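The values are calculated or read from the model by the stated rules, or taken from the named source; none is laboratory data. None of the values given here were measured: they were computed from a predicted structure. A quick note on method: Cβ atoms are made from the backbone with ideal geometry, for glycine too, and the neighbour counts reach across all protein chains shown.
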Amino acid sequence: MKISYKGDYALKAVLELAPLYDSGVVLPLTEIAVRNDIPLKFLAQIMLILKGAGYIDSKRGISGGFYLKKPPRNITMGEIIRLIDGDIEPIACAKMNAEPCCIEIESCAFREIWVKVTQCITDIVDTVTFADLMQRKKDLKQQNMGYLYQI
């Protein structure tokens with residue numbers, strides 16, 4: 001599995017919106033881009049994909065921006081990765097119902113390993129929700145606060 005910049009940026013954008021889910025606050029595209037160091041035009045394309053899939057929505061106007069449509073606890077990393085980057089399998093023959101992709105699919109020494117790799121990745125990305133990631137971000141921020149030193 002390889003996550004593209006597009007996939008990484010989509011994950012970051014959803015995570016940026018997640019803490020605001022219950023508040024009704026919207027974030028302007030420019031603010032999401034600046035906070036996450038994402039090129040604005042590229043982020044606009046990503047947001048259209050996320051909006052089309054029903055994960056986010058937008059509010060127009062001077063106080064407009066983007067917001068999550070679904071609760072963070074109901075969105076997994078795997079959903080966003082698959083939406084943006086496609087299949088998680090590192091190779092086509094690792095899919096559960098793989099089409100024969102080579103003549104050795106039944107006796108391939110590698111296929112079982114790729115299936116296990118896929119299952120490990122799937123077990124993680126399909127169980128980690130954006131609520132989990134929000135908590136992780138909060139914990140890391142608190143953990144790092146203890147190490148701030150100024151001279």
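For segment 13-29, does any single residue satisfy the condition of being closer than 30 Å to residue 113 by Cα, in contact with a helix residue (DSSP H, G or I) (Cβ under 6 Å, 6 or more places away or on another chain), of a type in the set (D, E, K, R) and assigned to a helix (DSSP H, G or I)? No, segment 13-29 contains no residue that is closer than 30 Å to residue 113 by Cα, in contact with a helix residue (DSSP H, G or I) (Cβ under 6 Å, 6 or more places away or on another chain), of a type in the set (D, E, K, R) and assigned to a helix (DSSP H, G or I).
The set of residues from segment 53-95 being over 23 Å from residue 4 (Cβ atoms), over 19 Å from the mean Cα position of the chain (by Cα) and free of Cβ contacts under 8 Å to residues at least 24 places away in the same chain comprises 60, 61, 62. Under the condition of being surrounded by fewer than 18 Cβ atoms within 10 Å (Cβ to Cβ), in a helix (DSSP H, G or I) and either over 17 Å from the mean Cα position of the chain (by Cα) or not charged (D, E, K, R) (or both), the residues counted in segment 30-41 number 6.
Confirm whether residue 47 is of a type outside the set (Phe, Trp, Tyr), within 14 Å of the chain's Cα centre (by Cα), over 17 Å from residue 137 (Cα atoms) and in a helix (DSSP H, G or I). Yes, satisfied. Restricting segment 82-140 to residues that are at pLDDT below 95 and small (Gly, Ala, Ser), the residue that is farthest from residue 19 (Cα to Cα) is 107.
Evaluate the following for residue 144: is it among the polar types (S, T, N, Q), modelled with pLDDT under 90 and closer than 30 Å to residue 16 by Cβ? Judged against the criteria, residue 144 is a match.
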